[in-house]
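Notes for the one structure printed next.
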Amino acid sequence: MNGNRIIGFLLTLALCSMGAIAQDSTAVKPKRKFKDIVTLNGYLKNLNIVSFSPNKLIGNSNEQFLHNRLNLRIYPVKGLTVAAELRSRFFYAGATANSPVAKDAMQLDPGLVDMNWNIGNNVNPVHLNTTLDRLWVGWGNDKVDIRVGRQRINWGINTAWNPNDIFNAFNFVNFDYEEMPGADAFRFQYFGKNMSGFEIAVAPHRSWKRSTAAFMYKFNAKNYDFQFIAGQYQTDITAGFGFAGNAGNAGLKGEIQWFGPYEGFVDSIHTVTASVTADYSFSNSLYLSGSVLYSSNGIDDADPAKLATFFTGAALTAKNLMPTKYNALITLSYPATPLIGISFSALYGYGPNLLFLSPGITYSIVENWDVFLVGQLFFSEFPEITSTGITSSYQNLSNSIFLRLKWSF
């Protein structure tokens, strides 16, 4: 679908909405206010990134860009919602603004409909990319909710790793994309009694072997929420299970997902990803969370090509949430003052001894304005070619410092 067709689609939605609004306004008195029919919010962020590495193969880089988001909702009649969310990034200095390869990669849209555009792709040293990562129409009431279009289908329960999130997996290292990616899909939800219900979701693609379709049933028992998932994940049959509840005063969550190719099922290698998270909030507002992840596809050596997927997010899927097989993550956050919050995360991947450290601090300047300073440090065993052959040494592979100013509206 090209830009003109999408614009035409949006205009059609707007006209239909206006017609429905007109009908609704004559049937319902008093008349609804405009703010009850249309809402618009979002943010504008400026992000500066400085990256440096003692490893000459990785090198140093910098990045400066503006990040804008617009979230539009239209409620023409009771139960009906039209949603559009636009994400735009303007790179005005740094590696991306001067790299044709990076610009081309940014334009790739994994969805069924191409709604990702590079503007001024051949202009250096600047670059503008914009994408509609949400565009859906939905109708719902107390019992059902139906949505069609690009949307976030969040079946995951855990904070960092979500094996159950088969429709749109994400890399938690990318902290600047809070909304996370969406999928072009149809979704039907039914809400039963006592927190029970089921969902059916289908994310088609041009090739059925790249499509995902699944069913989820959820219920509550013994103060725990449970969910069961079954369906197709691209070329695989998949089944999963998740739970969330409390163990004493601590929260406890878990997910497991199994994948098996439906062609050559008996002789094929099957994949299992599983994660468990426990978290606890202390009386002084200190929050502590610990997670473990098992990924049967993970490596147990220092393959630099496979480790690179963690840095870039490339090839990250529900079957491959981490490059390493056994992983552990500890996260803590604490409001030092009403205006200052501090955080720290430490991740360890067994095998190549992958270590990721991320300290951060947030300062609220005034209402709707805040500054975020965070670091990301990566360490790992790294193979090197020497005169005596291939050896491996533990190295500081990469370091990045992020400074972000954000205005929300």
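How large is the helix-only mean residue ellipticity at 222 nm for the chain, computed as the sum of -39500 (n - 2.57) over DSSP H runs with n ≥ 4, divided by its residue count, in deg cm²/dmol to the nearest 500?
-3500 deg cm²/dmol
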Using θ = phi - 60° and the Karplus curve 6.51 cos²θ - 1.76 cosθ + 1.60, what whole-Hz ³J(HN,Hα) does each residue of the stretch 139-156 get, with Gly and Pro shown as x?
-> 9, x, 9, 5, 10, 9, 9, 10, 9, 10, x, 6, 8, 8, 9, 9, 9, x
HN-Hα J couplings of the stretch 376-383 from phi, Karplus 6.51/-1.76/1.60, θ = phi - 60°, integer Hz, Gly and Pro as x?
-> 9, 10, 10, 10, 6, 5, 9, x
For the chain, calculate the relative contact order in percent as a whole number, restricting contacts to Cα pairs under 8 Å that are 6 or more residues apart.
-> 11 percent
Name the long-range amide H neighbours of Gly197: under 5 Å, sequence gap of 5 or more, or other chain; modelled H, no Pro or chain starts.
-> Gly192, Lys218
Among (i) 1.07; (ii) 1.13; (iii) 1.01, the entry that matches Cα Rg over 2.2 N^0.38 Å as calculated here | (i)
With θ set to phi - 60° and the Karplus curve 6.51 cos²θ - 1.76 cosθ + 1.60, what are the ³J(HN,Hα) couplings of the stretch 186-195 in order, to the nearest whole Hz, using x for Gly and Pro?
-> 10, 9, 10, 10, 10, 10, x, 7, 6, 6
Which one of Asn46, Asn368, Asn320 has the biggest mean-square fluctuation once the chain is modelled by GNM with Cα springs under 10 Å?
-> Asn368
Under 5 Å between amide H atoms, partner at least 5 residues away or on a different chain: which partners does Ser211 have, H built in plane at 1.01 Å?
-> His205, Gln234
First check a/c for the stretch 149-239, with a ≥ b ≥ c the square roots of the eigenvalues of its C-alpha gyration tensor; if it is under 1.5, answer rounded, and if not, answer prolate when a/b is larger than b/c or oblate otherwise.
-> oblate
State, to one decimal in nm, how far the label point of Asp104 lies from the label point of Thr159, with both points 7 Å from Cα in the Cβ direction.
-> 4.0 nm
Using only Cα positions of the stretch 187-287, each an equal point scatterer, no hydration layer, compute I(q)/I(0) via Debye at q = 0.11, 0.23 Å⁻¹ and quote the log10 values to two decimals.
-> -0.47, -1.17
Can you spot the lysines whose alpha carbon is less than 22 Å from Lys325's alpha carbon? Ignore those fewer than 8 places along the same chain.
-> Lys253, Lys306
Looking only at Arg89, Arg32, Arg134, which one moves most when the chain is put into a Gaussian network model with springs between Cα atoms under 10 Å?
-> Arg32
Quick one: putting +1 on the C-beta of Lys and Arg, -1 on the C-beta of Asp and Glu, what dipole do you get for the chain around its Cα centre, in Debye to the nearest 20?
-> 1440 debye
Go ahead and collect, in residue order, the members of the stretch 90-109 whose backbone nitrogen is under 13 Å from a label point 7 Å along the Cα-Cβ direction of His205.
-> 109
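Only the coordinates and a few stated rules stand behind these numbers; no lab work does. Bear in mind that the values here come from a model prediction, so they are computed numbers and not experimental data. We place every Cβ from the backbone using ideal geometry, glycine too, and count neighbours over all the protein chains shown.
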